[in-house]
Amino acid sequence: MTDPSLHRADLSRKTDALAQRLLERLTSEGETADVVASPPGAGKTRLLVKLCVALAGQGKAIGVVCQTTQQANDVAKRLVDETPQCPIVRFLGSSAPADDKIDGTLSVRKTSEFPVGKKVVIGTSAKWSLIGMCDVLDALLIDEAWQMTFSTFLPIMRFTGRFLIIGDPGQLPPVVTTPTERWATSDMPPHVAAPEVLLRDGQIQLHQLPATWRLPHDSAKAIAPFYDFAFESAAQPTERRFSRAGSGPLDDIERALNALNDRSTSLLLVPTPASGTLATGDRGVASAIVQTAVRALETGAVATSRDRAKPRNDILLPQDIGITTSRREMVRAIRDELPSELRTQIRVDTAERWQGSECQLMIIAHPLSSVRVPSEFDLATGRLCVMASRHRCALIVVTRDHVPETLAGHMPSATQPLGQSDTAGRGLFQHRSFWEAISA
Amino acid sequence: MASGSQDTRRRFEQWARNPRCHANAVSAIVNFPMRMVAEAEGVKAQFGQSPFALIRGRQFEEGVFLDDASRLRDQLEASGVIACGTTGFVDFRLQNNGGPMPSLDAAIEASLDWLRDLAAGRAQQTIASGLSLRIPGGVMLPEATLCIDALAVRPTQSGSELVVGEIKVYPDRGGYTDTTQLATSRAQAGMYGHALQITLKAANLEGSLSVSERGFLVLSHSGSNRIRLRHDEDLRAQIQRARDGLRQLSEVAQQLRPNPDSALAVIQSAPTSYCESCVSFCERASICRAHAVAEERPEILGDAVKQLMGDMSLARLRQLMSNNTEPSNAHEQEVLEMIREIAEGYDV
Amino acid sequence: MSEDRSTRRRILAYLKGRPLPLVESMPLHISDPADRMVIAFLRMAGESLPWAIGWKIADGPARILSVPEPRNRDLVSSMVAEFGDALISHLGIDSIPTDEEPIPDERLPQVWIGGPTDLDMLHLIALRFARARRGNDNLLSRLNCCGRCCHELFECAGNPFRANCVVASQALRTVLVFPTEPIRTMHLGYLLAMIPDGTLHQRLSRGEIAESVALSTSLTPDVERGLEPLVTAWSKGGDAERESARLELDCILAKEVTRRLDSVGAALQALGNLKLPVSPSATSIRTQSIRALQMFKNYNARVVGGEPSRSPETDHDPLFAASHFLQLDADRQEAAGELLHNDSLALSDAVHNGKAICGDVVKRELITIPPRTLRVRLTVQTADFGPLRLREGDWTHCPIDTNSSLRWVIQSIDEIPNGGRLVVLQANKPLGVDQEPLQGSKRVVFHEASEPELRRRLAAMVWDLDDRLKSDALPSRAFLARLRGQDRGHTPLPSDVEDD
């Protein structure tokens, strides 16, 4: 095994080299477009911030496009922390409240309020796409680009000829509720994630961030099937550990928690009753999830990270635990099961809401739990990928025990439009690979 | 296309449409058509093909391969499936389908010879029609045969790659093309791909010949005899589906071990599992549904209701709603609460 | 409505023993009989184009056309051209408008068809004829126009904010939930059989009988087997035999078409018998549909003048594709918002789906937006209905607001420890003190409203990129030009369809 710190140094070098290449591209003459595909927790926003600082240092006027207000605020705050030598402009929606200001930034609502000269302007894609005009920018950097449709990207082509498009291709695609049959066989479908469409143009360069810095080593391998490119984990085997000071009665929950002594993923199977369970709000699984969280807290769980500059042993607090599920009714069922004192401390939410966040211990309800005949929605892996990639220390997957049988016996129908990828079929393979990894 | 090959594929797909139904499985395994079971139970068959559809299908396919498959070649070249300027067409279709082969056995033998020649570099054709294969090992039948509608051949570094194509007469409507028909076509192409892989392996030709995981569909234009080719069809999962499905069916056959001599009785006594998809393919669906209606099982309201209610019957739910009894488990309680909440919106 | 809610309603309909309403008022616009054209198609198995076409306007007699051999392209083209003339006349396409204002009497010429296969047929006619280039000049221009009209109707049927073309089975499913499997609700006859009074068992039995009668564009194999000798006789027989075969075919096909037309008529009757009040959303839909028809007339006139017609398959140009997609998205948002706004059943679903909040106003304040704008801000305390789909930054609308353009933007959502939420909403417009909304209101509902006008603006901006590209006013000019001209190796869509 390679020396972990040398391994991380090598990864940092690769990331720096990538940043340098991108900087050169963004400051070159002519039009450029680069896509950076990133595994989860690989530092894509850090890369974006670093490039903004470097470009601003060269006197450039840069736009940053984020997908949500929260993401935009996060980027703005991180830029402020880097103290770049230029104005940081938070480009707000017209109905944003007056008190919605971030220290160290200039809040504006109109392009006429942009400062002249070098600057970094951060706004949401909704804001950028609707403005009439602004002075041409030197470059636009788009964060979480796989959450943005191609139709949202097109209007922002008005502002610059140089683009950097960063995102995570394994996670949830943009939510589209409008029927899209008309464009299913279009060369550049408007409803598909912008990077997917842009990469059909052979002249766009595709880069990859080399590693996840968030996930433990074996967790990175577990989610690898969800990606078309290889990536590593900065943390080496055993550098992230989950341990406990005490123990509980020797039941399935205890066994699932004990399994984390040797690995970062664990499986808790709940027997499938003959009477049936509700896929939407399975109280049996909800109860198992909550009991697992409570047991972890009561038995003094500790998250150890040896891959930091200073190794840490953090006693797990309720806010270090996250719970997620693919279904809203399940969120409700879990919250109902939580003891009242933990309801505002342990975050329970759907995968969509967990995107962009992380915590030490993640407990998830497997998306196929209680689903006997998986649909295309169930087999889509974006949700599972998000759910299984939020943790820094440990992941516990809770599910009814029919899932391996369901996965083995399912024969997918290929109903995708002509010429498109078989997402249901591929999703089934990916689900099976993930299951193999966590149940090994 | 040989009736034997249609039979194999049809029976596999029949089973795959509802693998949970044992009666369906037995019918597919022993090749006792469900139509005959339904007729024995007094139900007149609803399915069966239109005479016009059969003629149209045959004519369309003949048109694809006219003049040494020139129409197909043009589109394969334009799509980049094969290189421009390629030549060579070999036809393994039976005589009653417009081809030269006198029998299925002859077609199978000629097909295997051609594959060997291809592997050795002695054959140069880039398009084949009706390539006939026998799936070895007697998975479902003593012999199981398939005829591949169309095959394109392109060179690789180590030999040649075979690209499976499926010909269908329904029209290409872009994103509006019928998804059920597309799924069926791809399932068939997947079965061909899998059969081809087995054949190459059994004949030791894997070193020089490989099967592409991307196939093509040949569809029609609305109101025209022109063909519309769609290449780059993702068949990987469908090839795997065929592999997994045949293995599962073999296991089911081992478990059930139905006696083909008393097939009717066996099927009639086998457990059934009615679901929404039965309506579209099974001649006995109305009988199974009638039983489900009589027992007030949730599947009579569709798969989503079945998923929600599990084994709980609608009669039981009615009983709970009328407050005559208490829920006997958490599942019943949850379902009851859900329906009560919905009922609040109706003053009925 | 989410699939989960519709599943539960279906169970309830079964327990009640009858179809249940999904809405309180009719969200569909149904034109007066004089403005309605009911159409039915038949096709031969294996063929894409019609074997017979029938239509009926108001209470007039049905006009039914058929051909003895639908594989004869000339015969089919003539039939479709004649149908096209009637369709064009009904829609008023031949009257070229002088401007884009809606026609003053607010009447919408409407097309009604039975089910999804009839809708498919509209698309198939469009695919075949909208861009055909070969054939007799007079026939060709009529067929092209017919194809374009069919394409427009096909697209309208898929747009919830358009009522130019309505599918009867879908209309019934929009207003009623049926105690049966979803697959059976595709059959119009089955739906119609479930509606009249009776026990559940009686309804199910009627439904079973009804669905054995074909109402799609396909004939049953039995019927086709019976027709085969007639078709052969027409194709190969002598004059007398041909004439006899033709008459018999006409008669059988006319009977089949008539049954289908009558079923659509019965669906209209059934919708009328529900006696639902007309929803304001239906009125908005009618207005929008009239505008859409006006725009189509203008487009049609431009095509006649030489502009290329839209492909019935897809938009290949990325700008046009994106613009149309955004337009459709805007229409969908507006239709969904209108429905929520005007129907308490739909609103109840939205609350349980997390797309609306229902609670009490606990605080009102005035907030300053720099430099001097005042906006009303409300804090609403809601009970816990489960996870919320709405989030900070979303736009909402309150049904009791008298100001229809007023929207409320969610500023924050905070969970209350013992259950429930505090949601802060801010008005999107400055309001005078005497215009304070919801004055005196305590219990309020705010539903998802989205921003259809913003989407439409975006659609227009994307469309305008075409002009900007031509005028060289884009910094990403080469990039965009390349995206538009990229050849990805698909078999090119034929610009004309050759007859074989």
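The values are calculated or read from the model by the stated rules, or taken from the named source; none is laboratory data. What you see is a predicted model; the values in this text were computed from it and never measured. Virtual Cβ from ideal backbone geometry, glycine too; neighbours counted across all protein chains shown. Just so you know, the surface numbers come from the protein's heavy atoms only, side chains and all, with ligands and any DNA or RNA stripped out. Shrake-Rupley method; radii C 1.70, N 1.55, O 1.52, S 1.80 Å.
Residues of the range C:312-342 that are within 19 Å of the chain's Cα centre (by Cα), more than 7 Å from every other protein chain (Cβ to nearest Cβ) and in a loop (DSSP other than H, G, I, E, B): C:312 alone. Checked across the range B:204-225, the condition of being among the hydroxyl-bearing types (Ser, Thr, Tyr) and free of Cβ contacts under 8 Å to residues at least 40 places away in the same chain holds for at least one residue. Taking the criterion of being open to solvent by less than 30 Å² (accessible area, probe 1.4 Å) and not in a helix (DSSP H, G or I), the residues of the range C:219-248 that qualify are C:219, C:237.
For the range A:403-436, give me each residue that is open to solvent by 40 Å² or more (accessible area, probe 1.4 Å) and away from chain B (no Cβ under 11 Å). Once the filter is applied, which keeps residues that are open to solvent by 40 Å² or more (accessible area, probe 1.4 Å) and away from chain B (no Cβ under 11 Å), the range A:403-436 yields A:404, A:405, A:433, A:436.
The conditions of being at pLDDT 95 or above, over 20 Å from residue A:171 (Cα atoms), touching a Leu at 6+ places or on another chain (Cβ under 9 Å) and not acidic (Asp, Glu) are met by residue A:64. Mind checking whether some residue in the range B:198-220 is at the interface with another protein chain (Cβ under 8 Å from one of its Cβ atoms), closer than 24 Å to residue B:77 by Cβ, part of a loop (DSSP other than H, G, I, E, B) and not aromatic (Phe, Trp, Tyr)? No: the range B:198-220 contains no residue that is at the interface with another protein chain (Cβ under 8 Å from one of its Cβ atoms), closer than 24 Å to residue B:77 by Cβ, part of a loop (DSSP other than H, G, I, E, B) and not aromatic (Phe, Trp, Tyr). Restricting to the range A:114-137, name every residue that is at the interface with chain C (Cβ under 10 Å from one of its Cβ atoms) and not aliphatic (A, V, I, L, M). Matches in the range A:114-137: A:124, A:129, A:132.
Of all the numbered requirements in (1) under 19 Å from the mean Cα position of the chain (by Cα); (2) surrounded by 22 or more Cβ atoms within 10 Å (Cβ to Cβ); (3) in a loop (DSSP other than H, G, I, E, B), residue A:369 misses one, and that requirement is (1). Taking the criterion of being part of a loop (DSSP other than H, G, I, E, B), open to solvent by less than 10 Å² (accessible area, probe 1.4 Å) and of a type outside the set (Val, Ile, Thr), the residues of the range C:168-218 that qualify are C:178, C:179, C:181.
Are any of the residues in the range A:383-396 in contact with a Lys or Arg (Cβ under 9 Å, 6 or more places away or on another chain), within 12 Å of another protein chain (Cβ to nearest Cβ) and either modelled with pLDDT under 95 or assigned to a loop (DSSP other than H, G, I, E, B) (or both)?
Going residue by residue through the range A:383-396, those that are in contact with a Lys or Arg (Cβ under 9 Å, 6 or more places away or on another chain) are A:389-394.
Add one more test, that the residue is within 12 Å of another protein chain (Cβ to nearest Cβ), and what stays is none.
No.
Checking the condition of a type outside the set (Lys, Arg), touching a Gly at 6+ places or on another chain (Cβ under 6 Å) and at pLDDT 90 or above, which residue from B:268, B:238, B:319 passes?
Values: B:268 fails: touching a Gly at 6+ places or on another chain (Cβ under 6 Å); B:319 fails: touching a Gly at 6+ places or on another chain (Cβ under 6 Å).
When all the criteria are applied, what remains is B:238.
Scanning the range B:221-240 for residues that are over 22 Å from residue B:153 (Cβ atoms), at the interface with chain A (Cβ under 8 Å from one of its Cβ atoms) and either open to solvent by 20 Å² or more (accessible area, probe 1.4 Å) or part of a strand (DSSP E or B) (or both) yields a single hit, B:240. Kindly provide the set of residues from the range C:6-23 that are buried (at least 20 other Cβ atoms within 10 Å of the Cβ) and either outside any helix (DSSP H, G or I) or within 26 Å of the chain's Cα centre (by Cα) (or both), ordered by number. If the condition is that a residue be buried (at least 20 other Cβ atoms within 10 Å of the Cβ) and either outside any helix (DSSP H, G or I) or within 26 Å of the chain's Cα centre (by Cα) (or both), then C:7, C:8, C:9, C:10, C:13, C:19, C:20, C:22, C:23 are the ones that fit.
Criterion first (crowded, with 23+ Cβ neighbours inside 10 Å and either without any contact (Cβ under 8 Å) to a residue 24 or more places away in the chain or more than 30 Å from residue C:278 (Cα to Cα) (or both)) does residue C:165 satisfy it? Talk me through it step by step, then tell me what you get.
Values: crowded, with 23+ Cβ neighbours inside 10 Å: yes; either without any contact (Cβ under 8 Å) to a residue 24 or more places away in the chain or more than 30 Å from residue C:278 (Cα to Cα) (or both): no.
So residue C:165 does not fit the description; no.
Only residues that are away from every other protein chain (no Cβ under 11 Å) and open to solvent by 10 Å² or more (accessible area, probe 1.4 Å) were counted in the range C:135-156, giving 12.
Taking residue A:325 as the residue in question, decide whether it is among the hydroxyl-bearing types (Ser, Thr, Tyr) and either within 14 Å of chain C (Cβ to nearest Cβ) or open to solvent by 40 Å² or more (accessible area, probe 1.4 Å) (or both). Yes, satisfied.
Identification of helices (runs of 4 or more DSSP H) wholly contained in the range B:32-94 with 3 or more residues that are within 18 Å of residue B:171 (Cα to Cα) yields B:51-64, B:66-78.
Specify which of the listed residues (A:376, A:358) is surrounded by fewer than 21 Cβ atoms within 10 Å (Cβ to Cβ) and touching a Gly at 6+ places or on another chain (Cβ under 7 Å).
Details: A:376 fails: touching a Gly at 6+ places or on another chain (Cβ under 7 Å).
Within the list A:376, A:358, the selection yields A:358.
Table: residues versus (1) crowded, with 21+ Cβ neighbours inside 10 Å; (2) in contact with a helix residue (DSSP H, G or I) (Cβ under 6 Å, 6 or more places away or on another chain).
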site: A:26; (1), (2): yes, no
site: A:54; (1), (2): no, yes
site: A:61; (1), (2): yes, no
site: A:69; (1), (2): no, no
site: A:82; (1), (2): no, yes
site: A:94; (1), (2): no, no
site: A:112; (1), (2): no, no
site: A:116; (1), (2): no, no
site: A:122; (1), (2): yes, yes
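Picking from residues in the range B:313-331 that are open to solvent by 20 Å² or more (accessible area, probe 1.4 Å) and at the interface with another protein chain (Cβ under 9 Å from one of its Cβ atoms), the one that is nearest to residue B:299 (Cα to Cα) is B:318.
Suppose we filter A:299, A:304, A:399 for residues that are in contact (Cβ under 8 Å) with a residue 60 or more places away in the chain, surrounded by fewer than 20 Cβ atoms within 10 Å (Cβ to Cβ) and either away from chain C (no Cβ under 14 Å) or more than 24 Å from the chain's Cα centre (by Cα) (or both); which single one remains?
Details: A:299 fails: in contact (Cβ under 8 Å) with a residue 60 or more places away in the chain; A:399 fails: surrounded by fewer than 20 Cβ atoms within 10 Å (Cβ to Cβ).
Answer to the check: A:304.
When residue B:5 is tested against (1) open to solvent by 60 Å² or more (accessible area, probe 1.4 Å); (2) at pLDDT below 90; (3) of a type outside the set (Lys, Arg), exactly one condition is not met: (1).
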